[in-house]
Amino acid sequence: MLTVTEDAKQLLKETLLAHTDDSESGLRLTLEPSGRLGLVLSGEGYGDQVIEHEGAKVLLVASELAPVVDGITLDVQDTADGPKLVVSKE
């Protein structure tokens, strides 16, 4: 199962609110052709794993992507450019 820290949930919520005011939208975790994970604005789909924070759907994970991200932790790292989401393997 994907683990999302509280800091990551907060950053995801801030990012979501900066791009939409649609309460039905969330940020969808995607797997790019390069093998990197990405985020896109999306509505909830059938079978999605939904991660919420303070009443907002901050992250949507499609059922077919769930096994790929199993054992991964999504966290926040402070950088010179500001906070960034980082992925680590448990």
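For the chain, a Gaussian network of Cα nodes joined below 10 Å ranks Val61, Val40, Val50 by mean-square fluctuation, and the top entry is Val40.
Using just its DSSP H runs of length 4 or more, each adding -39500 (n - 2.57), the chain gives a mean residue ellipticity at 222 nm of -5500 deg cm²/dmol after division by all residues.
Listed by chain and number, the aspartates and glutamates placed with their C-alpha closer than 13 angstrom to that of Lys89 are Asp70, Asp75; residues fewer than eight positions away on the same chain are left out.
Within the listed set Thr79, Thr15, Thr30, the Gaussian network model of the chain (springs between alpha-carbon atoms below 10 Å) gives the highest mean-square fluctuation for Thr79. When the chain is treated as a GNM with alpha-carbon contacts under 10 Å, the residue of Asp78, Asp48, Asp22 showing the greatest mean-square fluctuation is Asp78. For the chain, DSSP calls about 85 percent of its internal beta bridges antiparallel. The modelled label-to-label distance for the pair Asp70/Glu32, using points 7 Å beyond Cα in the direction of Cβ, is 2.6 nm. Normalised by the number of residues in the chain, the mean separation of alpha-carbon contacts (under 8 Å, six or more apart) gives a relative contact order of 33 percent.
Bear in mind that the values in this text are calculations on the coordinates, not laboratory data. Please read these numbers as outputs of a predicted model, since none were measured by experiment. Heads up, the Cβs are rebuilt from the backbone with ideal geometry, glycines too, and the neighbour counts pull from every protein chain shown.
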